[in-house]
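Notes follow the structure.
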Amino acid sequence: MPERMSRDRADLDALFESTVLAHIAFIDEDGSPAVVPTAVARLGDTVVAHGSTGSRWMRLIASGIPTAVSLAAVDGVVVARSAFESSLVYTSGVLFGSWAALEGDAKEQALRAMTDRLIPGRTAEVRASTKRELAATTVLGMPIGEWSLRSSDHWPEDPDEDIAGDAWAGVLRYGPSAATVRVHPAPDLRSGIPEPASIGRVRGVR
């Protein structure tokens, strides 16, 4: 579905602003596929990640091997009148490239970006990292070059025969946190069809 794809860099940047969890995939030294979840941040045109200098997988990708980086934000559920047509409201992106270790000022700048990405303004409230802490931390950067982005945010696309039925339909949209949801009945929902118990339980009212 090409209409759900985007090549707009602003859309990719917005995805980075909405989530910090990424999954980095690579081929391990023994030839087997591997994927590791980790926190990332965008610093200009670079994706940055950090971890312990003792991390084997970080040392491996720091060598410059090809990787794929996946991140996604789930914003709700499209509740169709059938299980077949139901889906997620989401934005997902995949980036391809190689990582390299950052040093000196670039390393410290990336660490500040990571800290302020998790808690905005936090670096101004805490002491600077010590030389020992910096030496124990690996910071990697990957240029944002090749990437793809896909999003889905639409009303249920039910066939006419299902619209004529008695099943509820709409969009269950998450609020600022997964514990907060807003429910939007579909605009073509027939009058008198009540909200089902499953939606009420998600909202915490039943």
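Read the figures in this text as sums done on the coordinates, not as results from a lab. Bear in mind the structure is a predicted one, so any value in this text is a computation, not a measurement. Cβ: placed from backbone, ideal geometry, glycine included. Neighbour counts: every protein chain shown.
A few remarks follow.
- Degrees, to the nearest 10: 9-18 long Cα axis against longest axis of the chain: 90
- Expressed in units of 2.2 N^0.38 Å, where N is the residue count, the Cα radius of gyration of the chain is 1.29.
- Cβ-to-Cβ counts within 10 Å put LYS131, LYS107 in ascending order as LYS131, LYS107, the fewest first.
- For the range 52-92, dividing the convex hull volume of the Cα atoms by the residue count gives 116 Å³ per residue.
- Fewest-first ranking of VAL78, VAL94, using other Cβ atoms within 10 Å as the exposure measure: VAL94, VAL78
- Once exposed loop GluC sites (Glu not before Pro) are cut out (DSSP; at most 16 other Cβ, 10 Å), longest piece of the chain: 30-84
- Efficiency of FRET from Cβ geometry, ILE163 and THR19, R₀ 25 Å, rounded to 0.05: 0.15
- Per-q log10 I(q)/I(0), the range 76-147, q = 0.11, 0.25, 0.28 Å⁻¹ (Debye; single scatterer per alpha-carbon; no solvent): -0.50, -1.14, -1.23
- Per-residue extension of 0.36 nm, minus the Cα-Cα distance of GLU103 and ASP45, leaves a gain of 19.2 nm for this segment.
- Sparse packing (at most 16 other Cβ atoms within 10 Å of the Cβ) combined with a DSSP loop state is found for none of the chymotrypsin sites (Phe, Trp or Tyr not before Pro) in the range 132-174.
- When the chymotrypsin sites (Phe, Trp or Tyr not before Pro) in the range 36-107 are filtered for DSSP coil states and for at most 13 other beta-carbon atoms within 10 Å of their beta-carbon, the remaining sites are PHE84.
- Centroid-to-centroid, using Cα positions, the range 120-141 and the range 60-118 are 21 Å apart.
- Residue-averaged 222 nm ellipticity for the chain, from DSSP H runs of 4+ at -39500 (n - 2.57), nearest 500: -6000 deg cm²/dmol
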